[in-house]
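Structure first, commentary second.
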Ligand SMILES: [Zn+2]
C-alpha cells in the first residue's frame, strides 16, 4: 500500500476522492484503474455497455449526443409563433387586423335586412353593423378548432379614423348620467355591454384607459356550430361629448386566460335611430362610387346599373335615390357674427337629431324634455331657456 501512495502526494485518499466527485457521482478517471469488463454502469436506469465507457472524449460524446436525447424528456416547443406568445403590451392603438389564428376565429351576423323596423343589421359589403342604442346585437362566433379551456372573448371599441384613434371611446356624459339603462350598473361609461351573461367583466386598462368587456368563451351548444354573443352599444354615434359622429370599430379578440391573443376580428359600428335606412343609404352610396356614377346635386339621375344592396330585390326608384343623394350633400353657409352662428347651429343640430330619432321616440323626448325644463325654470330662470320652454310647451301640448 505504501508504494502506491507517492502519486497521491500529500493528498489523502479521501481528498482525492472528493476532488473527483461530481454532483452526479464519481468521474471516470477514478474508476479507470478498475477492470472495465467488470463494470456494470447504469446511469439513470439506463445500462451502458462497457464499450461506451472508454476514454473521456468518447464518453462526453456519448453523454452529449446520445444520452441526453435518451434521458431528457423531449422539449416541447410552443407551436404558436413567437409574435403571439409574447403577452400583448398595453398598446395605445390596438390592432384592427383580422387574424383568424390557428383556431379559425370568425364572426357571423344574422341576416336582418334593411327594413325600417330593424333594430340591428349588418352589411357584409361594408363590414359594418348598424344598430339602435341599447338594442341587442347578436354576433355569432365561429371557430374551426376549439380554443384552450378558459379562453375568453374581449370586445373593445376604438375610433376608426387615425386622427381620433388615440382617444378612448366612452359613452357621452348624458348617457352616462341618465337613469335609463343604468340601473345598478357600475360600468356606466362603457360603450359596449354584453347582454345575457352573468360572467361578463368590464375592464379599464390602467395605462391606456381603454375599456373592454370580457366574457368566457363557451363552445357552441349541441347541434349548433356557433356561439352567440349579445352586444349592446350604449350611445348613438352622433352623441355629443361622446362619439360625436366619429365612426368606430369594434374589435373582438379571442384570448387565453393570460391575455395572449389567439384570434381577432373587427367590424365598423354605427349606432343610430334607423339602422335599416342608414345601411341601405351607405351601401347605395358605396355602389355609386364603385360604379363611377357621379352625382352632382342630383342633376344627374342615378343610373339603374347600380347594384342593389344584398338582401334587397326591388329596384331603386329614381325619385327616392335623388332624395337620398340630397340628404348626403353638404352645404356651406357663411354666417356673420357668433350669435347668429350659434342660433343657426342649434337649429341645424335639432334638424339632424330629428333625422336620427323615429317619430315615436321624438314624442317621448318632447314629454321628458318639457318636464325637465319646467323644473329648471322653477329653480333658475335663464333668458335663453325661457324662450325655448315656451316653444316646447306649446309644441307638446
Ligand atoms: Zn350618448
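Odds and ends about this structure:
- Packing here is the average count of other Cβ atoms within 10 Å per residue, and on that basis the peptides 130-143, 107-120, 174-187, highest first, run 130-143, 107-120, 174-187.
- Backbone N within region 171-198 under 13 Å of label point (7 Å from residue 230 Cα along the Cβ vector): 193-198
- Extension gain for residue 102 to residue 145 (0.36 nm times residue separation, less C-alpha to C-alpha distance): 14.7 nm.
- Rounded FRET efficiency, nearest 0.05, which uses the C-beta distance separating residue 136 from residue 198 and R0 of 22 Å: 0.85
- Each of the peptides 146-152, 220-226, 100-106, 271-277 was scored by the mean count of other Cβ atoms within 10 Å over its residues; in descending order, highest first, they stand as 271-277, 100-106, 146-152, 220-226.
- Efficiency of FRET between residue 221 and residue 116 - r from beta-carbon atoms, R0 41 angstrom, step 0.05: 0.80
- Exposure proxy for 240, 145: other Cβ atoms within 10 Å of each Cβ, ordered fewest to most, give 145, 240.
No value in this document is a laboratory result; all are computed from the given coordinates. Computed from a predicted structure; not experimentally measured. Every residue, glycine among them, receives a Cβ derived from its backbone with ideal geometry; neighbour counts consider all protein chains shown.
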